[in-house]
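For reference, the structure is listed below as structure tokens.
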Amino acid sequence: MDISFEQLKSMVVFAQVVEQGSLTAAAKHIGLSRAVVSYHIKKLESHLAIKLLNRSTRSIALTEAGTQYYQRCRIIAEQASAANQQIENLKSEPVGLLKITCPVNVGLQTLVPALNEFRNLYPKIELDLMLTDEVVNIMKEGIDLAIRGAPLPDSGLQARKLSTLPTCLCGSPAYFKRRGYPTSPAELSEHDWVIYKLTSGALELKKGSRSFSVKVNGTISTNNAAARTAFIEGGHGLGRIPTYDAWPKIKAGTLEPVLGDYKLNDINVYAVFPPGTAESKKLRLLIDHLQEFFKKRNIPIA
């Protein structure tokens, strides 16, 4: 069966509809009207004489044929993107837009300073930074790079480890004056905690060959890391926070570490990106720069 240029365009549109989750979202993402996107899907189904999508007013679902056809269309779209990126990589000076998402606190503490340096090195690369503690669907939002604490199992995403961040247990002087210092892992469950909702409710500690698991509870919880640290400084409970965040406050006297002879789980930081951007020169330059930045900040890569 011969394929026309118009059908190739319809195949790319179809792939976007699947990845964006709706005709409206796909239209917005690729800069077409919803009517044009709908036209491409109908024309594709008519040409193939088979239904690819089951559509309702609120959702779409792939048929069995649509599922198989999408895999081929996705490859075509990725190959077209890779071809553009190959040409981009031949340019002497990298240009274009990079859309990035990152948790708020690590973004303000580490990523923004790193991006300041990066922009000085590559002023023609535009940056669009989204700081949020929510996990963003980077395929749907058209994100080039996400900074995450784990290479989440999103289908088709790739990851590169940037750094390992040590953590420590802290509380405020006012809290310890009121509640006393824990001297062993067993005492931790008796204390108040500021709960960070994006982690589990259990705390893992190690000392030598011994491991301890402590269930923590508290009357304050948050999904924002900066808010968690502020509540701990305010004397509302203990918390596990990254050492890079805790150390300036320990030096200033607003936080005090406890059980420093016990090792806590580190936070692994990953650059996560869609396979369609993997060959992008500007993205490779940014990831390389971030790794070097973490090294300079004495945050080693494990």
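The values are calculated or read from the model by the stated rules, or taken from the named source; none is laboratory data. Bear in mind the structure is a predicted one, so any value in this text is a computation, not a measurement. Heads up, the Cβs are rebuilt from the backbone with ideal geometry, glycines too, and the neighbour counts pull from every protein chain shown.
Residue by residue through region 155-177, note down the ones that are of a type in the set (D, E, K, R), surrounded by fewer than 16 Cβ atoms within 10 Å (Cβ to Cβ) and over 25 Å from ALA230 (Cβ atoms).
Start the filter on region 155-177 by keeping residues that are of a type in the set (D, E, K, R), which leaves 160-161, 177.
This time we only want the ones that are surrounded by fewer than 16 Cβ atoms within 10 Å (Cβ to Cβ), so: 161, 177.
Within region 155-177, just LYS161 meets the criteria.
Here ASN224 fulfils each of the conditions (1) closer than 18 Å to TYR175 by Cα; (2) within 27 Å of the chain's Cα centre (by Cα) apart from (1). For SER81, the stated conditions do not hold, so it cannot be described as more than 30 Å from ARG284 (Cα to Cα) and among the polar types (S, T, N, Q). Take ALA230 and decide whether it is modelled with pLDDT of 90 or more and either polar (S, T, N, Q) or under 30 Å from ALA80 (Cβ atoms) (or both). For ALA230, the condition - modelled with pLDDT of 90 or more and either polar (S, T, N, Q) or under 30 Å from ALA80 (Cβ atoms) (or both) - is not met.
Based on this model, can you work out whether ILE147 counts as touching a Ser or Thr at 6+ places or on another chain (Cβ under 8 Å), within 24 Å of ALA202 (Cα to Cα) and either part of a strand (DSSP E or B) or touching a residue at least 12 places away in the same chain (Cβ under 8 Å) (or both)? In short, yes.
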